[in-house]
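Read through the structure below, which is laid out as structure tokens, and then see the notes.
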Amino acid sequence: MTKDELLEKANSLPLAPGVYLMHGKDGNVIYVGKAKKLKNRVSQYFQAGRGHNLKTHTMVGLVNDFDTIIVGSEFEALVLENALIKQYMPRYNILLKDDKGYPFVRLSREAYPKFSIVSRVSDDGAKYYGPYGGRFETRSALDAVRAALHLPTCSKTFPRDIGKERPCLNHHMGRCDGFCRAEMTQDEYGRRIDLAVQLLEGKVRLVTAQLEEEMGRAAEELKFEEAAALRDRIAAIKVLSKRQKVFAGVCADTDVWGLYLGAKCCYAALHYEDGQLTGREAELFASSGLEDEAEILSALLLQYYGGKPVLPREICIPVEIEDQEVLEQLLAEKAGHRVSIRVPQRGERAQVLAMAAANAREEAERQTTSQERADRTLELLGKLLSLQSTPEWLESYDISNTGSEDIVASMVVFHGSRPAKERYRRFRIKELEGHPDDYKSMEEVLTRRLTHYMEQDKKFMPLPDVMLIDGGEQHAKVARRVTERFGLAIPIFGMVKDDRHRTRALVTPEGREIGIKGTQAVFSLIGRIQEETHRFAITFNRESHGKSVKGSTLDSIPGVGEARRTALLKRFKSLKAIKEASLEELKAVVPKNAAAAVYQWAHSTQDD
């Protein structure tokens, strides 16, 4: 890919936390990084004039493509970045490993080892974990592990300070098990440190299994206080694991699938090994639109794993598929071991499933143009309304009035998902007398609109593919009656509103309601059309009412008829400006006698 193509791809990324993997021309990963906002961070690499240092400039020159993995938080991005660096050993991460901006967790080599954060690795016999992405995130991760295992965070030195003083406040608050007490052994401290190391390495499942075994043994030996302490420790670790999903203790050897069906369809498969997220695959695929989610997923799983030499022991999917047992048997024969297909509903697996779905959605939307999204929305609308073809032209009508006067109507036209404002039309109701009647007003408007069409008036051509009437079943019936009178067959639907004045459903002239809230894209489009139609009608009504008030006021002045009233409003724009005009200014617009009458009227009503 060229630099411009890479920048375009980066600009389409979401403003979400995640990890990015830079690939060279041979497809190998040459750099792994994390970002609080993927779009901002990744796009910086490919912008001209960013002033990169020599190492970064060289690395960017070798980038041919990049992948991203979206996660739920900065903490998850930190943990995943570290894991992927260890997995791929990218060339440029290794070169930058000793930089002070990349901290390590150091575990000292002594009788009571301690964790600390350092800037570089030293040949001192200690163990080092990392590098991590930043000191704040690294400290947060280390503090979380210490809290989960109730390890000390004070400045005391063991074994020197054991038994010398009373335990500190952390022990009394339940944050530390008080290893400064004589009854706490060095062996127990060592076991906690081992568990902390395993947690830093992402082995949550292994740690909880060990503790659960110890808890069961303590309970059998009637050591209930010890069993309760172990139970609390397990709960704390589970809370820690819920903070991030890139290490999922329940996912030992698991693929987690996310599916997105939109203007473009995409799947995302997250790969977990020993509870650790090791990679992501996301790919667009073609769908006829006739299959449901379960059918699509079943076909994808069969094609995807049919060409894989190694299969996971567990596959998590978002919906149940009809041939699940048969597929499990087929995959087990191919893999040489049991393969379970699960549909998680709650818990840790469900959280990871949601992350996979987010990755699928973001990848699909990143590669979808606005026109493709619009086409997909109209296609969905056509299916919901059982139309023979995808609608292209949509017309919407609304009536607005002020009492029994100034009754007006609006005709708003959408071409696809965009308003075609040059085709908007306004109607002033002419035939209605007495109190307002929305049904008769709608009948008059549609009759005039279709008459223009039959007379080949280009301003009213072509006919719409769908007519949307602001109102319910009765409004739709009126519209149907008018179109049938002209011998036309136009699909007509009323727009039914909820208590928040949003269109919640469309209704046919026969009274059949079609819910649209379940299809977000269609719901948004119909809502936009309804709001635009209402806005256009209200604006025209206010303008008409304003002119009526001005006209009736000026008509009461002797010597001012329709022509002079129009000339005055055209020159001064408002009644206020006319009242403030001088006699000479008025004479420049109307004859002297009329100007004097207007001037006298203005000054006699100044204080009204």
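The values are calculated or read from the model by the stated rules, or taken from the named source; none is laboratory data. Treat the numbers as computed from the prediction; the structure is a model and nothing was measured. Note: ideal-geometry Cβ built from the backbone for every residue, glycine included; neighbour counts use all protein chains shown. The area values use the complete protein model at the heavy-atom level, side chains included, leaving out ligands, DNA and RNA. Shrake-Rupley method; radii C 1.70, N 1.55, O 1.52, S 1.80 Å.
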Fill in the blank from the handout: With no solvent term and unit scatterers on the alpha-carbon positions of the chain, Debye gives log₁₀ I(q)/I(0) at q = 0.09, 0.10, 0.11 Å⁻¹ of -0.90, -0.99, -1.09
Fill in the blank from the handout: For K517, counting only lysines whose alpha-carbon sits under 20 Å away and dropping same-chain residues fewer than eight positions off, the answer is K383, K497
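Once the other residues with Cβ under 15 Å from the Cβ of C168 are scored (Lys, Arg +1; Asp, Glu -1), what is the net sum? Working shown, then result.
Numbers: positive: R146, K156, K164, R166, R175, R181; negative: D161, E165, D177.
Its environment carries a net charge of +3.
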Fill in the blank from the handout: Under the Karplus relation with 6.51, -1.76 and 1.60 and θ = phi - 60°, whole-Hz ³J(HN,Hα) for the stretch 492-501, x at Gly and Pro, equal 10, 9, x, 9, 8, 9, 9, 6, 9, 6
Exercise for the section: Please give the contour-minus-distance gain from T185 to H271: 0.36 nm per residue of separation, less the Cα-Cα distance, rounded to one decimal in nm. Expected result: 27.0 nm
Exercise for the section: Compute the label zone of L463 within the stretch 469-490: residues whose backbone N is under 13 Å from the point 7 Å along Cα-to-Cβ. Expected result: 480-490
Problem - Efficiency of FRET between R428 and F285 - r from beta-carbon atoms, R0 51 angstrom, step 0.05 - result: 0.45
Problem - Label-point separation, K440 to S119 (7 Å along Cα→Cβ), nm - result: 8.7 nm
Completion exercise
Over the chain, with neighbouring protein chains present, the accessible area per residue in Å² at probe 1.4 Å is 52 Å²
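For the chain, what is the mean residue ellipticity at 222 nm derived from helices alone (per DSSP H run of n ≥ 4: -39500 (n - 2.57); sum divided by total residues; nearest 500 deg cm²/dmol)?
For the chain, the value works out to -14500 deg cm²/dmol.
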Exercise for the section: Check cross-link reach from K459 to the aspartates and glutamates: straight Cα distance under 14 Å, and skip same-chain residues fewer than eight apart. Expected result: E395, E422
Handout entry: Subset of K34/K86; K308/K334; K36/K127 violating a 20 Å alpha-carbon distance limit
Key = K36/K127
Completion exercise
As straight-line cross-link partners of K430, the qualifying lysines (C-alpha separation under 16 Å, not fewer than 8 residues apart within one chain) are K440
Exercise for the section: For Y31, list long-range residues whose amide hydrogen, built 1.01 Å from N in the peptide plane, is under 5 Å from its own amide hydrogen. Expected result: M22
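Multiplying the sequence separation of S389 and H603 by 0.36 nm and subtracting their Cα-Cα distance, what value in nm do you get?
Values: separation 214, 0.36 × 214 = 77.04 nm, distance 6.48 nm.
Full extension from S389 to H603 adds 70.6 nm.
In whole percent, and with a 1.4 Å probe on the protein chains, what portion of the accessible area of the stretch 346-485 is carbon and sulfur?
The C+S portion of the solvent-accessible surface of the stretch 346-485 is 45 percent.
Just how large is the dipole of the chain about the Cα centre, in debye to the nearest 20, putting +1 at every Lys and Arg Cβ and -1 at every Asp and Glu Cβ? Each step should come with its number before you reach the end.
Values: 90 positive and 88 negative charges, 498 e Å.
Rounded to the nearest 20 debye, it is 2400 debye.
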Handout entry: Ranking by accessible area, most exposed first, for V496, V105 with a 1.4 Å probe
Key = V496, V105
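Quantify how much of the Cα-Cα distance distribution of the stretch 294-439 extends past 23 Å, in percent. If you can, show how the numbers build up before the last one.
Values: 6741 of 10585 pairs.
Taking all Cα-Cα pairs of the stretch 294-439, the fraction more than 23 Å apart is 64 percent.
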Exercise for the section: For Q371 and R512, compute 0.36 nm times the residue count separating them, minus their Cα-Cα distance, and round to one decimal in nm. Expected result: 47.7 nm
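Write out the GluC sites (Glu not before Pro) in the stretch 442-487 meeting two conditions: DSSP loop, and at most 15 other Cβ atoms within 10 Å of their Cβ. Intermediate results must be reported in sequence, preceding the final value.
Numbers: sites: E443, E444, E455, E473, E484; in loops: E455.
Qualifying residues, ordered by number: E455.
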Exercise for the section: Work out the charge dipole of the chain with +1 on the Cβ of Lys and Arg and -1 on the Cβ of Asp and Glu about the Cα centre, then indicate which of V118, V522, T533 is farthest towards its positive end. Expected result: V118
